[in-house]
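A.B. asks: Quick one: structure below, then a few questions.
Only the coordinates and a few stated rules stand behind these numbers; no lab work does. From a predicted model like this one, the values you see are computed outputs, not experimental measurements. Note that we place each Cβ from the backbone using ideal geometry, even for glycine, and neighbour counts take in every protein chain shown.
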Amino acid sequence: MKLIKKLTYFGILLLLMQSCSFYSTKGTIPIHIKDVYIKPIQNNSIDQEVVNLLDIQLNQLLLNQNILKIVEYDEADSKIEITILEVLDSPYTINKGEQFDTEVTEWKLSVKAKVVWLDFKKGETLFDATINEWGLYGNDLDISSDGIDNDGDGLIDSEDSDEIGSPRDSARFIAINKISEKILTKITSTW
């Protein structure tokens, strides 16, 4: 009798583990949505490269995470619309020199995007959000030796794997990567 009871408990535990593991990999995406069409990104900024970077990064992230299949418009259960609202470089750290002499030593590159995810089957908006992200860069020629925590993760230069290349390009990539990750988080935590 004890053996049957133990096997029953083991069976229930196995079922719970399987159902929880399925749930945790799929997040909370509505069950009827299996795929997504990503509309070509609109750009309201003067930075032309940001669209290509975001398109590549978001597609790669969705493919790597295997959450939704990317399909053509006429096959899709849902659609993501993205508009780059602005790309802005602003002074972040200013050093004061003698009298009125000042120098900007760190810049903050901010990217602002409006992201809308639409459910074609139910005719609903799953989310509509404005996402602001940033990357820092200095006046050095190489971001990997500028002594700045360019993405706010507590790591600098050789300690940080994403601090490579020219400063502004790297800061733009950091901001785009953060936006892509936030979009993925919003998709998986919609309901």
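A.B. asks: Can you give me the long-range amide H partners of residue 35? Hydrogens built in the peptide plane at 1.01 Å from N, cutoff under 5 Å, separation of 5 or more residues or another chain.
C.D. replies: 69, 77, 78
A.B. asks: Quick one: which of 121/178; 79/114; 39/182; 112/186; 112/178 span more than 21 angstrom between C-alpha atoms? The partial results should precede the final answer.
C.D. replies: Details: 121/178 29 Å; 79/114 14 Å; 39/182 18 Å; 112/186 16 Å; 112/178 11 Å.
Checking Cα-Cα distances, 121/178 exceed 21 Å.
A.B. asks: Something else now. Between residue 31 and residue 65, 0.36 nm times their residue separation minus their Cα-Cα distance comes to what?
C.D. replies: Values: separation 34, 0.36 × 34 = 12.24 nm, distance 1.70 nm.
Extra length from residue 31 to residue 65 when fully extended: 10.5 nm.
A.B. asks: Around residue 86, which amide H atoms from residues at least 5 apart in sequence, or from another chain, sit under 5 Å from its own amide H, with H modelled in the peptide plane?
C.D. replies: Amide H to amide H, under 5 Å and 5 or more residues apart or across chains, residue 86 pairs with 112.
A.B. asks: From the P(r) of region 55-112, could you give the percentage of C-alpha pairs in the tail past 12 Å? The partial results should precede the final answer.
C.D. replies: Working: 1282 of 1653 pairs.
Result: 78 percent of Cα pairs exceed 12 Å.
A.B. asks: Something else now. Using a Förster distance of 30 Å, how high is the FRET efficiency between residue 164 and residue 189, based on the Cβ-Cβ distance and rounded to 0.05? Write out the running numbers ahead of the final one.
C.D. replies: Details: r = 31 Å, r/R0 = 1.02.
In this case the efficiency is close to 0.45.
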